[in-house]
1. Fewest Cβ neighbours within 10 Å first, please rank 75, 45 accordingly.
2. Pick out, from 165, 7, 76, the residue whose Cα sits farthest towards the positive end of the charge dipole of the chain, with +1 on the Cβ of Lys and Arg and -1 on the Cβ of Asp and Glu.
3. In a solvent-free Debye calculation with one equal scatterer on each Cα, what is log10 I(q)/I(0) for the chain at q = 0.09, 0.10, 0.18 Å⁻¹, listed in the order of the q values?
4. Counting alpha carbon pairs within less than 8 Å and at least 6 residues apart, what relative contact order, in whole percent, applies to the chain?
5. So which lysines pass the test for residue 12, namely a Cα distance under 20 Å, with those fewer than 8 places away in the same chain ruled out?
6. For the range 103-188, what does the convex hull of the Cα positions come to per residue, in cubic angstrom?
7. Once you have the Cα-Cα distance between residue 116 and residue 95, take 0.36 nm times their residue separation minus that, and quote the gain in nm to one decimal.
8. Nothing charged except the Cβ atoms of Lys and Arg (+1) and of Asp and Glu (-1): what's the magnitude of the dipole of the range 30-184 about its Cα centre? Round to the nearest 20 debye.
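Please treat every number below as a calculation from the coordinates, not as lab data. These numbers come from a predicted model, not from an experiment. All Cβ positions, glycine included, derive from the backbone under ideal geometry; neighbour counts span all protein chains shown.
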Amino acid sequence: MRIVGGSLRGLKLADVGEGDATGHLRPTTDRVREAIFNLLVNGTHGNPVPGARVLDLFAGTGALGLEALSRGAAHVTFVDDGAKAQALVRSNIAKARAEGATDLLRRNATRLGENRGAACGLVFLDPPYAQGLGEKAIASALAGGWVAPGAVVVWEESRPPLVPAPLVQIDQRRYGDTLVTLARLPGA
């Protein structure tokens, strides 16, 4: 697993091999990550990455958030409550020398609580598939003030997610068993 674009392009990240079923770790493949960033960069709604504050829910290895940093995001908050995921994200932050531009929270993504910092303009949501956790996590992020007006949400699932109001779905693409849904929070 490598960073596929930007200033850190080619950086090899620590990975979990084929995944960690007990930790629900299923890293986004390089191919799907590249497709996601192509959608963001070339989308009709403007590129949300440069200068963005990013929220990476169910962070796993942290590859999505680190890819965003590599492509010009200002800051990433990684959220995962798994011990293995925490170790992987911490290791990958160190490999990217990104300690000053990241926060790592050991927290259940479905119960984020109140955000005490600036809201995020880009949200990655990659929950364990088909368990309804994405819907709970995005509801928690919206309720806690984690999502800025105008923010773009990138949601990976195996099936079409139930995108809650006030989010508006703007695109959806399938890559193998991964369905990527893009949504936007109206505003700004």
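1. Ordered by Cβ neighbours within 10 Å, fewest first: 45, 75.
2. Of the listed residues, the answer is 7.
3. Taking Cα atoms of the chain as identical point scatterers yields -0.26, -0.33, -1.23.
4. Values: 403 pairs, mean separation 32.3, N = 188.
Taking the mean separation of contacting Cα pairs over the length of the chain, I get 17 percent.
5. Qualifying lysines at Cα under 20 Å: 84, 95.
6. 93 Å³
7. Full extension from residue 116 to residue 95 adds 4.8 nm.
8. Using only the charged Cβ atoms, the result is roughly 160 debye.
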